[in-house]
Amino acid sequence: DPQNDKLAWRVVAAVLHDFHHCGLELDPYGFQLICRAFEKFARAATDEDHDDQASTLLDGSGILKTAFRKLSESEEKPHKIPKLLHSISGVELHQYIRCMGTIEDYDEIIFVLGWMFAHHRELEEISSQARNGPKQIRRTLVAIRAFCSDTGYEEKAREIVDQVERWDGWPRDIE
């Protein structure tokens, strides 16, 4: 029921606020969970045409963006120590792209794609340790194509994807 999805998001947002108030931080799995709740909420909210829903969507997307920024922080470290502070996998990236695509936040999709490009070596290392790792990165790129197709952002996204040889280029129609 869409009303349950809306209520669930409000509960998740309140719990996340309390979570941060206690000085705790999300890990990648926690980020994935809040993304799932937000995506369901966004789908339910976009089915209605109320101004209060638009405000809540904007607030929710801000919560997700802040969480992604914290989760995706990196540091330059010597001696081949990983730069990423958290091991973000394709699963979390795919879920986040779906959230941003649902609310048509193309600027954020391009931001995430740029971040993926900047950290593609680290992402390859993380994905190589998971059974479906490379497949999940590809699913993320397919989601980016699906959301950016026929928008002014498609060409920029294609240019970024085509720069990383291991990503196998811009997703094809069949994908």
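The values are calculated or read from the model by the stated rules, or taken from the named source; none is laboratory data. Note that this is a predicted model, so its numbers are computed, not measured. Using ideal geometry, Cβ is built from the backbone for each residue, glycine included, and neighbour counts are taken over all protein chains shown. Keep in mind that these areas ignore ligands, DNA and RNA; they rest on the heavy atoms of the full protein, side chains included. Shrake-Rupley method; radii C 1.70, N 1.55, O 1.52, S 1.80 Å.
Things worth noting here:
- If you go through region 45-61 and pick out every residue that is modelled with pLDDT of 70 or more and either open to solvent by 30 Å² or more (accessible area, probe 1.4 Å) or touching a strand residue (DSSP E or B) at 6+ places or on another chain (Cβ under 7 Å) (or both), you end up with 6.
- Of the residues making up region 16-44, those that are more than 21 Å from ARG98 (Cβ to Cβ), open to solvent by 80 Å² or more (accessible area, probe 1.4 Å) and either touching a residue at least 60 places away in the same chain (Cβ under 8 Å) or assigned to a helix (DSSP H, G or I) (or both) are HIS17, ASP18, HIS21.
- Extreme residue, surrounded by the fewest Cβ atoms within 10 Å (Cβ to Cβ), among residues of region 1-15 that are among the aliphatic types (A, V, I, L, M) and over 26 Å from GLU73 (Cα atoms): VAL11
- For region 159-175, filtering for residues that are open to solvent by less than 80 Å² (accessible area, probe 1.4 Å) and either free of Cβ contacts under 8 Å to residues at least 12 places away in the same chain or over 12 Å from ARG139 (Cα atoms) (or both) leaves 4.
- Qualifying helices (runs of 4 or more DSSP H) (wholly inside region 101-170; at least 2 residues being touching a Cys at 6+ places or on another chain (Cβ under 6 Å)): 154-162
- LYS83 vs. criteria of a type in the set (Lys, Arg), open to solvent by 30 Å² or more (accessible area, probe 1.4 Å) and at pLDDT 95 or above: no
- Of all the listed residues (GLU108, GLU124, GLU165), the sole one being modelled with pLDDT of 95 or more, farther than 18 Å from ASP27 by Cα and among the acidic types (Asp, Glu) is GLU108.
- Scanning region 129-153 for residues that are open to solvent by less than 40 Å² (accessible area, probe 1.4 Å), without any contact (Cβ under 8 Å) to a residue 40 or more places away in the chain and farther than 17 Å from ILE88 by Cα turns up VAL142, SER149.
- Tabulated pairs, region 52-65, first within 17 Å of GLY101 (Cβ to Cβ), second at pLDDT below 90, C-beta under 6 angstrom, 6+ apart or interchain: LEU57/ALA45
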